[in-house]
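**Q** The structure under discussion is supplied below as structure tokens; questions concerning it will follow.
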Amino acid sequence: MSRKPVVLITGASGEIGHGLIERLSRNAERPVITLDLSPLAPDLSPLVRQHYVGSVLDPQLLDRILAEYEIDLVFHLAAVLSTRGEFAPVTAHKVNVEGTLAMLEFAQRQGESHGRPVVFLDPSSIAAYGLPSLAAKRAAGMVKENEFNTPTTMYGCNKLYGELLGSYYASHYKQLSFDPVRAKVDFRAIRFPGLISAVTLPSGGTSDYAPEMIHAAAEGKPYACFVRPDTRIPFMAMPDAIEAMIKLALMAPERLSRRVYNIRAFSPSAGEIHDIVASAFPNAVMTTSVDAKRQGIVDSWPEDVDDTAARRDWGHAPRFDLQAAFRDYLIPTIRKRYS
Ligand code: AKB
């Protein structure tokens, strides 16, 4: 009996999952199943074929999914982000590394059972970089994928190692086996900048100051930004991040010259974000109260990234630059959300 292949999203109740489920549900040809520690939001439940409540670290649950569905595309979103990871590094390692390993093994077994490669889309992060000082960060400008791979956070270390693990599964899996084992995982990773969604708020990240500032202003709540106004890292509007994941996941493998890609859209300072938010919400009360430790993490991330390979290989082309992101997406959608 042949079964219709489905897409699996882990960590589906998080920020990226929300947008990804909505976007994928427009294509009825590719039913979606989801996995998360929490139930799906009521507006998302009707959009998926089945939601499993549980952990990527639960082998029995993964066996059940393996038996019930034929999967040829995995978006592995489950993760503990950079700020939360510093409070619970062992948990971060378990989820981010052991969870990724479990899902890669799951994808390999899926591929072995149906005979086709399983595309494994891994959202990595600018946290995989670690610039040694502010002076080095300013001098570096746009960093390339293989530069400054010396992260300072548990999350960054986990993401960098996850990229290596995925590349191992795709290119060198069981390379010394007597009987050749066909690698079935087609691993692809995007190093995301900070993401800003108009419909959800992030939690546990260190780039969260940008979305928090915007949402607080729209809600009429005061906000104290935890980084200096001159702090600069790349950001992207959530719809562009979702589009990028789908584009990379669907691209023919022969077009891809690497497994891990930077992508960028705009790279404003915290002060520039403040000024745009202040002009959209003139009554907003926004102050700065620097948290030296979180500032240290953001200072270790690049000011900007070089995404030449993503643009060339799979046509990464974000719709929103800084002005358009605020004018056409963030401000109108957030206003509606809190009105
Ligand atoms: C975080 O702040 O941890 C994330 C990230 C940059 O990957 N948003």
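The values are calculated or read from the model by the stated rules, or taken from the named source; none is laboratory data. Nothing here was measured: the structure is a model prediction, and the numbers come from that model. A quick note on method: Cβ atoms are made from the backbone with ideal geometry, for glycine too, and the neighbour counts reach across all protein chains shown. Note: accessible area is taken over every heavy atom of the protein model, side chains too, but ligands, DNA and RNA are not part of it. Shrake-Rupley method; radii C 1.70, N 1.55, O 1.52, S 1.80 Å.
**Q** First compute the accessible area of region 259-324 with a 1.4 Å probe, then give the percent of it belonging to carbon and sulfur atoms.
**A** Numbers: 1410 of 2830 Å².
Reported share for carbon and sulfur atoms: 50 percent.
**Q** Okay, moving on. Suppose only helical runs count, i.e. DSSP H with n ≥ 4. What mean residue ellipticity at 222 nm does that imply for the chain under -39500 (n - 2.57) per run, divided by all residues and rounded to the nearest 500 deg cm²/dmol?
**A** Details: 13 runs with 130 residues, N = 339.
Rounded to the nearest 500, the figure is -11500 deg cm²/dmol.
**Q** Here is a further query. Could you work out the mean projected area of the convex hull around the alpha carbons of region 84-156, in square nanometres to one decimal?
**A** 6.2
**Q** How much accessible area per residue does the chain have, in Å², with a 1.4 Å probe? Intermediate values should be presented prior to the final figure.
**A** Details: 14740 Å² over 339 residues.
On a per-residue basis, the chain sits at 43 Å².
**Q** Under a Cβ-only charge scheme (Lys and Arg +1, Asp and Glu -1), can you give me the dipole magnitude of region 50-129 about the Cα centre, in debye to the nearest 20? Please list the in-between numbers first.
**A** On the way: 5 positive and 10 negative charges, 35 e Å.
Result for region 50-129 is approximately 160 debye, rounded to the nearest 20.
**Q** So, one more: Just the Kirkwood number for region 122-167, please: inverse of mean 1/r across all distinct Cα pairs, in Å, one decimal.
**A** About 10.9 Å for region 122-167.
**Q** Same structure, new question: Where the only charges are on Cβ atoms (+1 Lys, Arg; -1 Asp, Glu), what is the dipole of region 63-185 about its Cα centre, to the nearest 20 debye?
**A** Working: 12 positive and 13 negative charges, 72 e Å.
Dipole of region 63-185, to the nearest 20 debye: 340 debye.
**Q** Could you give the dipole magnitude of the chain about its Cα centre, charging the beta-carbon of Lys and Arg +1 and that of Asp and Glu -1, in debye to the nearest 20?
**A** Details: 37 positive and 38 negative charges, 73 e Å.
Result for the chain is approximately 340 debye, rounded to the nearest 20.
**Q** Still on this structure, I have one more. For region 150-309, take every pair of Cα atoms, bin their distances at 5 Å starting from 0, and report each bin as a whole percent.
**A** Once binned at 5 Å, the Cα pair distances of region 150-309 give 2, 8, 15, 18, 17, 13, 9, 7, 5, 3, 2, 1, 1, 0.
**Q** Place a label point 7 angstrom from the Cα of ASP275 along the Cα-to-Cβ direction, then list the residues of region 305-334 whose backbone nitrogen is under 13 Å away.
**A** Taking a point 7 Å out along Cα→Cβ of ASP275, the residues of region 305-334 whose backbone N falls under 13 Å are 323.
**Q** I would also like to ask the following. In whole percent, how big is the carbon plus sulfur part of the accessible area of region 1-132, probe 1.4 Å, protein atoms only? Before the final figure, lay out each step's value.
**A** Values: 3110 of 5580 Å².
Carbon and sulfur atoms account for 56 percent of the accessible area of region 1-132.
**Q** Follow-up. Distance between the C-alpha centers of region 1-73 and region 263-289? Whole Å please.
**A** Between the Cα centres of region 1-73 and region 263-289 lies a distance of 35 Å.
**Q** Where does region 220-298 land on Rg(C-alpha)/(2.2 N^0.38 Å)? All intermediate terms of the calculation are to be shown ahead of the outcome.
**A** Numbers: Rg = 17.2 Å, N = 79, 2.2 N^0.38 = 11.6 Å.
It is 1.49.
**Q** Something else now. Work out, in µm²/s and without decimals, the Stokes-Einstein translational diffusion coefficient of region 20-83 at 25 °C, 0.890 mPa s, Rh from Kirkwood over C-alpha pairs.
**A** Working: Rh = 12.9 Å.
For the chosen part, D equals 190 µm²/s.
**Q** Accessible area of VAL285, 1.4 Å probe, to the nearest 10 Å²?
**A** 90
**Q** Continuing with the same structure: What fraction of the DSSP beta bridges in the chain is antiparallel, stated in percent and rounded to the nearest 5?
**A** 5
**Q** In cubic angstrom, how much convex hull volume per residue do the alpha carbon atoms of region 44-182 span?
**A** Numbers: hull volume 21.5 nm³, N = 139.
Each residue corresponds to 155 Å³ of Cα convex hull volume.
**Q** Sort CYS225, CYS157 from largest to smallest accessible area, using a 1.4 Å probe on the heavy atoms of the protein chains.
**A** Details: CYS225 10, CYS157 60 Å².
Descending order: CYS157, CYS225.
**Q** For region 164-214, which whole percent of the accessible surface, found with a 1.4 angstrom probe, sits on carbon and sulfur atoms?
**A** On the way: 1170 of 2070 Å².
The nonpolar share, carbon plus sulfur, comes to 56 percent.
**Q** Quick one: which of 113-122, 84-93, 12-21 comes out on top by average Cβ neighbours within 10 Å, and what's the full order, highest first? It would help to have the intermediate numbers written out before the result.
**A** Values: 113-122: 19.5, 84-93: 16.9, 12-21: 22.9.
Answer by packing, highest mean first, reads 12-21, 113-122, 84-93.
**Q** Please express the shape of region 1-117 as an equivalent ellipsoid: the semi-axes are the square roots of 5 times the eigenvalues of the C-alpha gyration tensor, given largest first in whole angstrom.
**A** Numbers: eigenvalues 109, 68, 24 Å².
Square roots of five times the eigenvalues give 23, 18, 11 Å.
**Q** Can you give me the Kirkwood hydrodynamic radius for the chain, using every pair of distinct Cα atoms, in Å to one decimal?
**A** Details: mean 1/r = 0.0487 Å⁻¹.
One over the average 1/r among Cα pairs gives 20.5 Å for the chain.
**Q** Of TYR261, GLY14, ILE297, which is farthest on the positive side of the dipole of the chain, counting Cα position, with +1 on Lys and Arg Cβ, -1 on Asp and Glu Cβ, and the Cα centre as origin?
**A** Value: TYR261.
**Q** Can you give the direction-averaged projected area of the convex hull of the alpha-carbon atoms in region 131-240, in nm²? It would help to have the intermediate numbers written out before the result.
**A** Details: hull surface 38.6 nm².
For region 131-240, the mean projected area of the Cα convex hull comes to 9.6 nm².
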